[in-house]
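Right, one structure below, let's go through it.
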Amino acid sequence: MMESVSAAGLEVKFCRLDAGITLDDDGVITGYASVFDLPDQGGDIVCRGAYAACLKRMAEQGRRVRMLWQHDPAQPIGVWEEIREDARGLFVRGRFLSDVAKGAEALALVRAGAIDGLSIGYRTIRAVRNSKGQRLLQELELWEVSLVTFPMLPEARIAQATGKPGAAKDVARELVAALAEAGNMLAACGQQIREPNTGKQE
């Protein structure tokens, strides 16, 4: 079991995904941050309607669920423009803010297929255990939905993103080139440290 707590003290969960995605040029992203009636790696099951009360309160108060990077409240990367429950789970639609450094970085990583998971940060309001000892999460207070490397529920991933054919490959090539350049610079710095300038000053 891999349960964790975010920097804000919220419950979060992680597991590895292996599905790649594409993303459109405007950075619009859609998918499911939570899927009903399926046990995650920690044994928790989110019940249908678990988010309804929270989403209603937030709409009445004019508040939004935050889009964060790896559950870090200091790293917002975009805005969720639509969050709602449907028959499958918690559907989300939002966009990256490419003017923000971390938002642009997250967008590039998603396009390259390095990140393709969604994970919720929440507090449990009401839950019970079934005969198998699994927690049935009946009411949750949702605070944020993050782009993560290891979301706890495999089905909770970015479901749809459309864009130019080959865009992900182009970004991937750019990232590889950037990493190679950075490696060369580090190697050069290491060489200079090992071979200091021994010339005499006049």
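Quick notes on this structure:
- Residues that are modelled with pLDDT of 85 or more, in contact with a strand residue (DSSP E or B) (Cβ under 8 Å, 6 or more places away or on another chain), aliphatic (A, V, I, L, M) and closer than 23 Å to Leu107 by Cβ occur in the stretch 69-79; there is at least one.
- Close Cβ contacts (under 6 Å, 6 or more residues apart or on different chains) running from residues in the stretch 130-150 that are more than 22 Å from Gln75 (Cβ to Cβ) to residues that are crowded, with 17+ Cβ neighbours inside 10 Å and of a type in the set (Asp, Glu) comprise Arg135/Asp44; Leu137/Asp44.
- Of all residues in the stretch 9-64, those satisfying the criterion of being modelled with pLDDT of 85 or more, part of a loop (DSSP other than H, G, I, E, B) and either in contact with a His (Cβ under 8 Å, 6 or more places away or on another chain) or open to solvent by 20 Å² or more (accessible area, probe 1.4 Å) (or both) are Asp37, Leu38, Pro39, Cys47, Arg48, Gly49, Gly62, Arg63, Arg64.
- Filtered residues of the stretch 66-114 (kept if β-branched (Val, Ile, Thr) and free of Cβ contacts under 8 Å to residues at least 24 places away in the same chain): Val79
- Test: Ile120 is modelled with pLDDT under 90, in a strand (DSSP E or B) and among the aliphatic types (A, V, I, L, M): yes
- Any hit, the stretch 93-108, residues being closer than 21 Å to Leu10 by Cα, of a type outside the set (Phe, Trp, Tyr) and touching a strand residue (DSSP E or B) at 6+ places or on another chain (Cβ under 6 Å): no
- Tally, over the stretch 76-113, of residues that are of a type outside the set (Val, Ile, Thr), out of contact with any helix residue (DSSP H, G or I) (no Cβ under 8 Å at 6 or more places or on another chain) and open to solvent by 50 Å² or more (accessible area, probe 1.4 Å): 9
- Matching residues, the stretch 65-105, being part of a strand (DSSP E or B) and hydroxyl-bearing (Ser, Thr, Tyr): none
The values are calculated or read from the model by the stated rules, or taken from the named source; none is laboratory data. Bear in mind that the values here come from a model prediction, so they are computed numbers and not experimental data. No Cβ is skipped: glycine too gets one built from the backbone with ideal geometry, and neighbour counts run over all protein chains shown. Please note that ligands, DNA and RNA were not included when accessible areas were found on the heavy atoms of the full protein model with its side chains. Shrake-Rupley method; radii C 1.70, N 1.55, O 1.52, S 1.80 Å.
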